[in-house]
1. Report whether or not Gln51 is in contact (Cβ under 8 Å) with a residue 12 or more places away in the chain and surrounded by 11 or more Cβ atoms within 10 Å (Cβ to Cβ).
2. So if I check each of Asp38, Asp34, which one is at pLDDT 85 or above, loosely packed, with under 10 Cβ neighbours inside 10 Å and assigned to a helix (DSSP H, G or I)?
3. Which condition number in (1) assigned to a helix (DSSP H, G or I); (2) modelled with pLDDT of 85 or more; (3) surrounded by fewer than 11 Cβ atoms within 10 Å (Cβ to Cβ) is the one that Asp84 fails?
Amino acid sequence: MFLLLSSVGVYAAVRFDNPWGNKVMQITIDLPPDLEQDLLRQAEQSNIPLQTLILQTLRQTIQPPSVSTAQWSESILSYEASPDFPAFESHRGELLPPRELELC
């Protein structure tokens, strides 16, 4: 990634290389001044280069959720229903039996 800092904004030219050394993609982004300052401040506070911060943020944005975030939260897993509420299975007797499939 190549960065050019200016008074108007950070111009980011991103170049991703594959293992064979061929250029895959290049992106130029014109950032508004407030976002530029936020990125520079965050990179400085994190003590990492701006390029690393931007790449980490992009990876986190496009990554599918991890297994841990796709699971039910503890508050859902530990939920206890009201004892006065009828059990789900108590209404099964009121259900109609399934229809027989007609095979052609």
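1. yes
2. Criteria check complete, one pass: Asp34.
3. Asp84 satisfies all of (1) assigned to a helix (DSSP H, G or I); (2) modelled with pLDDT of 85 or more; (3) surrounded by fewer than 11 Cβ atoms within 10 Å (Cβ to Cβ) except (1).
The values are calculated or read from the model by the stated rules, or taken from the named source; none is laboratory data. Just so it is clear, the model here is predicted, and its values are computed rather than measured. Cβ: placed from backbone, ideal geometry, glycine included. Neighbour counts: every protein chain shown.
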